[in-house]
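Derivation of every value follows stated rules applied to the coordinates shown; laboratory data play no part. In this text, all values refer to a predicted model and were calculated from it rather than measured experimentally. Here Cβ is always computed from backbone atoms with ideal geometry, including for glycine, and neighbour counts include all displayed protein chains.
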Amino acid sequence: MIQAPPVSVGLLRRALADARSPRAPRTVPYVPERAFPWSGPALSLDGPGGVVDLDRTLRLSLAALRNTGGRLRPAPSAGALHPVRAHLLVGPGCSLPPGRYAYDARAHRAHPRGRAPSDAPPGAVVVLTVAAARTVAHYGHRAWPLLLLDAGHAAAALALAADPVDVRVSLDADGGELAAAAGLPRAAEWQGRWPGSEPELPLGAVWLPAEEGPSRCRGPLAAWADLPGAVSPVPQPGAETTPPAELAAARYLLECLAADSGSTWHPAHGPAPVTDDTLRTRRSADPSDLTRPPASDLLAHVLTTAADARPDGPAWAAAVGGETPGLLTTTGPLASGDARPTFARWAAGQQWIGSVGAVLVAHGCPADASPALIRGSHLAAGYAAGVGQALATALGLRSRPIGSWQQADLGAALGDAPGQDWILHGLALAGPADPALTAPPPLSGKEERP
């Protein structure tokens, strides 16, 4: 088992306070995405047979759309940087032969990385990792919470696109077990083993069983974690070998957050049914298209869905304007008055938020939160926002996730003790631009954050 670094609670709390502070990130050169680093043949995912259709699932969740340079994908991402990577642990009953694979989202292909264990559970486990360099280059010390939100969005996209009826999602799986199962070293050892390639940090996993009611006698990662060996990535000539301090800090923080945790596999709750067309067409709307208030019943539907998406996630509330402005929860009003202008100041000064139709926010994660709560709250917030955005698309609403929040102490603003209730994530929501489209389309059939 790969051993993660010891957790420094004080360091994590200082980093969380810094990410929430008004300190502006340093401007650094944009880091272009390097070529896909994994060697081996590129295999199509649409193999014959199999209960788990990996071709469809990944195409509707993580795959880059053609002719977009990789910037447009089904799941949103901070700055359209898409740092999330996927490693496929494929057992019997899938559209790929059993084995370990690295998934190339740009080409929508799988690269073999080794054999499967003899006792691999039927179906597939998708281990989600993040490559932090480009996000850190763009967002500096604010990057690591955004990387967690991105991973949560990716987990939601996979769960929504998957065919199996008993999909399970783990946002607290131990980082060492995830790394061992995917055949990856820890970040500090990556350059020594695979010089010139960028470390990937495992943060969560989605289990796609090939049978209903998967066995609980042994976790889906255990057999893979016991399997030695993995195919190395291709070293990238000229790539950095000593990362800048901010990048090294972000990698270390994310590794610490995933250390010494459990592996709880929750059922994938989401809006059902969501069609393939919904998953293909969901997009982050331009801020100028988000001014029309959504119908109150549709707003309540999206708010309830986001709040119920994760049993271990933060609370959700919605800020609305109009004749009766206020901050609403699923059980009733939380406060009166228009919170949107305040949210605009807190969300990195994005003034368009002050006039948006409605703003849903995930809140919680106090300043003295444990590492497990910091990780879980942000991953679950991203997951819930991803589920909420899919439902909004199905209902004919426009939406845009909001990832950056500074000084967003919601509890203190409402008169409670400071430092106990912070905004982690948001989802701007608006009705359709054309009033003729206010009626939502029927939900039938199974077929970007700034």
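Assuming a ≥ b ≥ c are the square roots of the Cα gyration tensor eigenvalues, decide whether segment 40-123 counts as rounded (a/c under 1.5), prolate (otherwise, with a/b larger than b/c) or oblate. Cα axes put segment 40-123 in the prolate bin.
Add +1 for every Lys or Arg and -1 for every Asp or Glu among the other residues with Cβ under 11 Å from the Cβ of G93, and state the total. Please list the in-between numbers first.
Details: positive: none; negative: D53, E211.
Taking every Cβ under 11 Å from that of G93, the sum is -2.
If you take the Cα centroid of segment 309-368 and the Cα centroid of segment 60-127, the two points sit 34 Å apart.
Percent of C-alpha pairs per 20 Å bin in the chain, short distances first: 27, 59, 14, 0. What does the net charge come to around L201 if you take all other residues with beta carbon closer than 9 Å to its beta carbon, with K and R at +1 and D and E at -1? Overall, the nearby charge balance is 0.
Normalising the average separation of contacting C-alpha pairs (under 8 angstrom, six or more residues apart) by the number of residues puts the relative contact order of segment 276-437 at 30 percent. The order of H266, H87, going from fewest to most other C-beta atoms within 10 Å of their C-beta, is H266, H87.
Evaluated over the Cα positions of segment 131-216, the convex hull gives a direction-averaged projected area, one quarter of its surface, of 6.9 nm². Debye calculation, C-alpha points only, no solvent: report log10 I(q)/I(0) for segment 276-437 at q = 0.08, 0.14 Å⁻¹, in the same order as the q values. With no solvent term, the Cα-only Debye profile gives -0.20, -0.64. By DSSP, the beta bridges lying fully in the chain are antiparallel in about 95 percent of cases.
Under 13 Å from the Cβ of Q406, count the other residues' Cβ atoms, weight Lys and Arg +1, Asp and Glu -1, and hand me the total. Its environment carries a net charge of +2. Taking every DSSP helix (H) stretch of at least 4 residues in the chain, weighting each as -39,500 (n - 2.57) and dividing the sum by the residue count yields a mean residue ellipticity at 222 nm of -8500 deg cm²/dmol.
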